[in-house]
Amino acid sequence: MPTIKTNGINLYYEQSGQGDPLLLIMGITAPGAVWEKHLEHWQQSFRCIIVDNRGVGLSDKPSGPYTSAQMADDCAGLLAHLGLEKVRVAGVSMGSIIAQELAFRHPHLVRSMVLMCPWARCDNTAKDIFMHIVDIKARLRPEEFSRYIQLLIFSKASFDDEETYKGMLEDRENAKNDTNPQPLIGLEGQAAACMDHDILERLHKIKQPVLVIGGEVDKFTPLWMTREVAGAIPNATLHTYPESGHAFHWENIEDFNPRIRQWLLAN
């Protein structure tokens with residue numbers, strides 16, 4: 001299995017496809033494998049690199065707190081190991097804050113970025129949501145925790161769609177049977193990175209082309225966060241999906257996958 005030593009931890013990654021490199025950074029609680037349905041489309045045009053962030057999957061799960069800067073340095077070490085610079089980057093949720101720091105701290109590594117449901121700072125509501133996620137993780141069975149996360153990230157339209165809801169039930173069962181669940185210590189570390197991320201006053205220094213994209217009824221990281229990031233980055237383009245939640249990239253996958261592919265090919 002491809003694991004490297006970077007920034008004091010063992011970091012797991014996988015590669016697929018051919019073409020210019022595309023680094024995919026996943027969100028809180030999730031390993032890189034969750035990119036699967038997007039990877040199927042994008043690997044036709046890019047050499048896709050997925051990574052298990054510290055605290056989840058097959059990467060190390062040290063005690064925290066973690067920071068978005070620290071996790072960006074993890075990714076920088078991976079790119080250095082692969083001998084890559086000027087890489088396209090896509091980050092979702094927590095992955096988007098890692099991508100922001102990667103572009104700020106290691107600008108030579110980043111050619112362009114897609115920031116999905118991002119934020120530049122947390123208000124008190126957002127901080128309480130992240131703390132509540134940790135509290136829930138400590139108290140619920142895995143399948144119950146999965147349901148809670150689904151309630152945070154999916155819109156009402158997804159719950160009302162019987163086929164989509166069937167998939168949610170399957171995901172809960174998969175969580176129940178997961179042999180490598182994220183430990184509480186890993187989630188605590190990641191949640192700290194999410195809550196403490198505060199880069200708004202530095203975003204103007206990011207000069208690469210950036211596509212900022214979000215769901216208009218996102219309960220987890222609301223639309224004001226997405227708009228604030230887009231407004232602070234000089235070369236940012238904003239796109240939002242109506243009636244879509246934090247998981248807009250699943251709820252609109254038939255539009256999302258080719259849209260991102262085309263933007264990345266142009267940038």
Return the long-range amide H neighbours of Arg88 (sequence gap of 5 or more, or a different chain), with a cut-off of under 5 Å between placed amide H atoms. Leu23, Arg111, Ser112
Note down the net charge around Ile233, summing +1 for each Lys or Arg and -1 for each Asp or Glu among other residues with Cβ under 11 Å from its Cβ. +2
For segment 3-266, with the dipole built from +1 on Lys and Arg beta-carbon atoms and -1 on Asp and Glu ones, taken about the Cα centre, which of Val87, Ile129, Leu11 lies farthest toward the positive end? Val87
Distance cut-off 18 Å, Cα to Cα: go down the list Lys61/Lys127; Lys86/Lys207; Lys37/Lys86; Lys37/Lys127; Lys156/Lys219; Lys127/Lys219 and report the pairs above it. Lys61/Lys127; Lys37/Lys86; Lys37/Lys127
Relative contact order for the chain: what percent, with Cα pairs under 8 Å and sequence separation of 6 or more? 21 percent
For every helix of n ≥ 4 consecutive DSSP H residues, a contribution of -39,500 (n - 2.57) applies; sum these over the chain, divide by its total residues, and give [θ] at 222 nm rounded to the nearest 500 deg cm²/dmol. -14000 deg cm²/dmol
D (µm²/s, integer) via Stokes-Einstein for segment 93-224, Kirkwood Rh across alpha-carbon pairs, 25 °C, 0.890 mPa s: value 149 µm²/s
Distance between Cα centroids, segment 240-255 to segment 48-75: provide it in whole Å. 26 Å
Matching label for the computed P(r) over Cα pairs in 10 Å bins from 0, in percent, out of [x] 7, 32, 40, 19, 1; [y] 7, 31, 38, 18, 4, 1, 0; [z] 6, 29, 32, 19, 10, 3, 0, is [x]
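Bear in mind these aren't lab numbers, they're just calculated from the coordinates by the rules spelled out. Note that the structure is predicted; figures quoted are calculated from it, not measured. In this analysis, Cβ positions are derived from the backbone assuming ideal geometry, glycine residues included, and neighbour counts consider all displayed protein chains.
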